[in-house]
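The values are calculated or read from the model by the stated rules, or taken from the named source; none is laboratory data. The structure displayed is predicted, hence computed values, not measured ones. As a convention, Cβ positions derive from the backbone with ideal geometry for all residues, glycine included, and neighbour counts pool all protein chains shown. The accessibility values were calculated without ligands, DNA or RNA, using every heavy atom of the protein model including side chains. Shrake-Rupley method; radii C 1.70, N 1.55, O 1.52, S 1.80 Å.
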Amino acid sequence: MKTSTIFKLTAVLCLFGCFSVIAADIMGIILHEEHNPIKNTISMLAIGKYGWIQDLGLDFLAMGYVALAIGLFTWKKNNARWLIGLAVLVLIGTDLMMIAEHHQYAGRPGEKIHRKLVYILAGLFLILHILVYPYLKSLKPMLKKFTIWVGGLWLLLAPILPLMPDDINGAYERFICSLLVIWPAVISYYLWKSANLKNASHD
């Protein structure tokens with residue numbers, strides 16, 4: 001398989017995962033008549049009859065993170081720090097899948113499992129940005145600063161989530177979690193563009 005084809009395929013899979021998790025949240029809000037997206041957290045959508053929708057959205061996002069790791073590995077292979085960062089991408093995908101599988105525990109007697117997985121996700125996402133930001137400049141110059149900004153916002157805002165009042169907990173969580181979707185979506189977009197540039201260079 002040509003390198004440009006791998007770039008495109010992995011970028012599409014990642015973008016699909018990003019859009020799927022957003023769609024799953026919207027569908028869950030519509031179908032769960034008692035769900036208030038301002039007050040209730042995303043995890044609450046995974047409980048009950050329609051919980052599979054939220055879980056499926058998270059599974060697709062997890063797939064997207066792993067696909068992005070494969071695409072970026074194909075793009076660049078020759079730096080230990082970079083490769084560790086790509087391994088963290090895979091770990092984030094694995095963690096998201098485990099969160100999806102344990103979502104039914106949210107707000108119930110197995111919540112400790114869910115909470116630990118969420119804390120691990122928060123730590124991994126920050127570590128990812130610290131590791132990969134210098135190298136993304138080669139993909140697109142603005143991606144270095146973009147990654148620094150996203151990582152900085154995550155560091156400043158994510159730890160405040162447990163302190164949020166119950167009446168805005170859901171809205172704040174959705175705001176923070178948007179970073180988990182925006183960052184891979186933007187990186188995937190420029191990975192796709194790099195495939196087009198590679199094809200153009202061979203024409």
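In a fully extended conformation the segment linking Leu155 and Ile168 would gain 2.7 nm over its present Cα-Cα distance, using 0.36 nm per residue.
My understanding is that a pair violates if its Cα-Cα distance is over 26 Å; which of Lys49/Lys112; Lys77/Lys112; Lys77/Lys193; Lys112/Lys145; Lys8/Lys49 do that in this structure? From Lys49/Lys112; Lys77/Lys112; Lys77/Lys193; Lys112/Lys145; Lys8/Lys49, over 26 Å: Lys77/Lys112; Lys112/Lys145; Lys8/Lys49. Across the chain, Cα pairs under 8 Å and at least six residues apart give a relative contact order of 31 percent. Rounded to the nearest 0.05, what FRET efficiency do Arg115 and Lys2 have when you use their Cβ-Cβ distance and R0 = 35 Å? Approximately 0.20, to the nearest 0.05. In the context of the full protein assembly, Ile6 retains an accessible surface of approximately 40 Å², using a probe radius of 1.4 Å and ignoring ligands and nucleic acids. Among (i) 11.6; (ii) 10.8; (iii) 13.9, which is the computed mean projected area of the Cα convex hull in nm²? Read-out from the structure maps to (i). Across region 25-99, C-alpha contacts under 8 Å between residues 6 or more apart give a mean separation that, scaled by the residue count, equals a relative contact order of 29 percent. Rolling a 1.4 Å probe over the heavy atoms of the protein chains gives the chain an accessible area of 53 Å² per residue.
Surface composition of region 1-64: carbon and sulfur make up 71 percent of the accessible area, probe 1.4 Å. Subtracting the Cα-Cα distance of Lys49 and Ile148 from 0.36 nm times their residue separation leaves 31.7 nm of extension gain. If you take the Cα centroid of region 173-194 and the Cα centroid of region 37-89, the two points sit 11 Å apart. 3J(HN,Hα) along region 30-40: 5, 7, 7, 4, 8, 7, 10, x, 7, 8, 8 Hz, from the Karplus curve 6.51 cos²θ - 1.76 cosθ + 1.60 with θ = phi - 60°, whole Hz, x for Gly and Pro. Taking all Cα-Cα distances within region 115-203, those exceeding 15 Å account for 64%.
Shape summary of region 28-89, radius of gyration then Dmax from alpha carbon positions: 17.1, 51 Å.
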